[in-house]
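Quick notes on the structure that follows.
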Amino acid sequence: MRTDGYTHATKAVSELGARGAPLAAAFNTVGFILPGILVIVMAFVVYRCVTAPRKSGAVLLALSGISLAVAGIFPVDMELRSSVSSQLHLAGAMLCGLLWALSLFWVAPLLRKQPEFSTIGRLTPWFVLFLVANLGWQIVWQSTGALLPGWGQRIGFAGYFLWLAIIGSLLAFSRRRIPAPEVR
């Protein structure tokens, strides 16, 4: 849909939803806000399924979803990157990835202790390695003078959504029943 020289290798994902871009509102809704809401719902399910007293990972995962939704609510303005909307978009996008990475360190060990969720607990260290490798190649590539932020972002999003899909599938198909909230 873009005929203005947009390429996935060299342009950020945010430019698809930037102010003035074709179908920006639709992209921000489907690409940022809706996935953010789904991550919040998944974090709630993880919070309810984990029997450990410390549930920091689920809270961090929910904050990651909120940050992703914020990135969609406030589109980047490519003409004025110092605008409040652009800054909130950037903060939301950066926090989304950072909070997800931090949540991996809490969610995985908790799930690993529960037999029906141990698979994702064993897979999560590979996602951490994936994150480090993705950051590493981007740093090396940027040091050569060639910038390919689009690929780095897309690889990061692929890891994020793949992990969420795996954990969501395991939660959806588990035999564990989520207890109903207590009414007081």
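The values are calculated or read from the model by the stated rules, or taken from the named source; none is laboratory data. The shown structure was predicted, so the numbers you read here are calculated from the model rather than taken from an experiment. FYI the Cβ positions are ideal-geometry reconstructions off the backbone, even for glycines, and counts take in every protein chain you see.
Kindly check whether there is at least one residue in the range 143-152 that is modelled with pLDDT of 85 or more, of a type outside the set (A, V, I, L, M, F, W, C) and either farther than 30 Å from Ser56 by Cβ or not in a helix (DSSP H, G or I) (or both).
Of the range 143-152, the ones modelled with pLDDT of 85 or more are none.
Checking the range 143-152: not a single residue is modelled with pLDDT of 85 or more, of a type outside the set (A, V, I, L, M, F, W, C) and either farther than 30 Å from Ser56 by Cβ or not in a helix (DSSP H, G or I) (or both).
Are any of the residues in the range 73-86 free of Cβ contacts under 8 Å to residues at least 12 places away in the same chain, in a helix (DSSP H, G or I) and either over 10 Å from the mean Cα position of the chain (by Cα) or closer than 24 Å to Cys49 by Cβ (or both)? Give the steps one after another, and end with the answer.
Of the range 73-86, the ones free of Cβ contacts under 8 Å to residues at least 12 places away in the same chain are 80-84.
Applying the additional criterion that residues be in a helix (DSSP H, G or I) yields 84.
Going one step further and asking which of them are either over 10 Å from the mean Cα position of the chain (by Cα) or closer than 24 Å to Cys49 by Cβ (or both), we end up with 84.
For the range 73-86, residues free of Cβ contacts under 8 Å to residues at least 12 places away in the same chain, in a helix (DSSP H, G or I) and either over 10 Å from the mean Cα position of the chain (by Cα) or closer than 24 Å to Cys49 by Cβ (or both): present.
Would you mind finding the one in Arg54, Arg19 that is surrounded by fewer than 20 Cβ atoms within 10 Å (Cβ to Cβ) and closer than 23 Å to Ser103 by Cβ?
On the way: Arg19 fails: closer than 23 Å to Ser103 by Cβ.
None of the others qualify; the one that does is Arg54.
If you check every pair at least six apart or on different chains, which have Cβ atoms under 7 Å apart with a residue in the range 150-170 that is closer than 17 Å to Asn134 by Cβ first and a residue that is charged (D, E, K, R) and surrounded by 15 or more Cβ atoms within 10 Å (Cβ to Cβ) second?
Pairs found: Gly150/Lys11.
Across the range 52-82, what is the number of residues that are in contact with a helix residue (DSSP H, G or I) (Cβ under 7 Å, 6 or more places away or on another chain), of a type in the set (D, E, K, R) and at pLDDT below 80? Show your work before the answer.
Initial filter on the range 52-82 (in contact with a helix residue (DSSP H, G or I) (Cβ under 7 Å, 6 or more places away or on another chain)): 52, 55-58, 60-78, 80.
Restricting the remaining residues to those that are of a type in the set (D, E, K, R) gives 55, 77.
Filter once more, keeping what is at pLDDT below 80: 55.
The total comes to 1.
Tally the residues that are within 11 Å of the chain's Cα centre (by Cα) and of a type in the set (Lys, Arg), restricting the search to the range 54-72.
0
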